[in-house]
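Trainee: Right, I'll just put the structure down here and ask away after.
The values are calculated or read from the model by the stated rules, or taken from the named source; none is laboratory data. Since we're looking at a predicted model, the values are computed, not measured. Here the Cβ positions follow ideal geometry from the backbone for every residue, glycine too, while neighbour counts run over all protein chains shown. For accessibility, only protein heavy atoms count, side chains too; no ligands or nucleic acids. Shrake-Rupley method; radii C 1.70, N 1.55, O 1.52, S 1.80 Å.
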Amino acid sequence: MTAADRQAIPESVSERILRHFRVALEERGYLADSQQQNAVEHLANWLEHFLHGHHGWFHKPTAGIYLWGDVGRGKSFVMDAFFAAAPLQDKRRVHFHAFLEEVQMRLQAFAGQSDPLEKVTRGIAEETRLLCFDEFHVHDIGDAMLLGPTLQQLVDAGVGLVCTSNYPPSALCTDPLYGERIRPVVELIEKRFEVLALDNGEDYRQRLTPLDRWGSYLWPASSVDLGLLRKRFELGSQTIFDQVLQVNYHPLRVRAQDGDHAWLDFDELFEHPHSAADYLWLIERFPYMAVSGLGPLRDCPDDVGKRFLNFIDIAYDRHLKLQLYASVALEQLAAGDTLLDFERT
């Protein structure tokens, strides 16, 4: 077969994804470890079969891929390459918290009607053939209650799902109070998804350059440091101090704002019952943010610590430029296993 003949043969879905992955690696000067290579090959083969309806006689088709592993193991890089190369127009990639908020917003349009969630998932399925989730994890009881039926109905509607997570399915929710609520989700993933692990190998965070870093952690933050922060806002041309914003109908005091920069206090952000939707709203409005007043999380109620973790998840996903001003070193922030979920953060 000549080179011209080979070029005339249409590239398969799996070949396209694998080629894109190789090119992405070469552009960065990386070499994939064995688990990354295995993951992208499984993703490529799964999508090939999913799009062409290949599955066994006695088994339901695999609904998707659940890719989990420790922080820094390259899950997002694998997802980036897969999603970019997937030959579909009706594909979406979304942070998990943002998706659940979208479902809740869509439900409002069907308030008072029968089977509102079924109507919402049907609408999503009509728009989306492939749905990719980043940072798949359950933080609160509302998410746990909504997640099971939403995923089940999307799977039943034939939407292909790919998820990245820092946890195996059995550890999706670290709060034992939500165990019964999350069990249907775990069972669905274990039965209908291909579960892949990136649980060892190189920590790719160590390759970050200063230009890649998305924030700073200053400690011990003194009155002088906060005075300098205030001075920077005083020099701004549009600065407003001590303004109370209505964030999704919740009041929130901002110590200072200047255009797309904002300064907030830890207690204002996390000691009040703000939701993921509130944090998404704030980050969209203020892509540069300083948060002062961080102290040992063991001194805070559990729900405060969980909101902080939730915020950091969303901030990282949305590329928020974040400055944290703390009284203790990062290693002491959650000393004593205050939060089981803190390692990722």
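Trainee: Would you mind telling me which numbered condition in (1) assigned to a helix (DSSP H, G or I); (2) open to solvent by 70 Å² or more (accessible area, probe 1.4 Å); (3) closer than 30 Å to SER275 by Cβ ASN45 fails?
Mentor: (3)
Trainee: Turning to a different aspect of this structure: Looking at the stretch 58-93, which of the residues that are of a type in the set (S, T, N, Q) and either at pLDDT 90 or above or not in a loop (DSSP other than H, G, I, E, B) (or both) is surrounded by the fewest Cβ atoms within 10 Å (Cβ to Cβ)? Steps first, please.
Mentor: At the first step, the residues of the stretch 58-93 found to be of a type in the set (S, T, N, Q) are 62, 76, 89.
Right, trim to either at pLDDT 90 or above or not in a loop (DSSP other than H, G, I, E, B) (or both) and you get 76, 89.
Numbers: SER76: 16, GLN89: 7.
Looking at the filtered set, the residue picked out is GLN89.
Trainee: If you don't mind, another one. Of all residues being surrounded by 14 or more Cβ atoms within 10 Å (Cβ to Cβ) and assigned to a loop (DSSP other than H, G, I, E, B) in the stretch 102-132, which is farthest from the chain's Cα centre (by Cα)? Just the residue, please.
Mentor: Per the stated criteria, the residue is PHE110.
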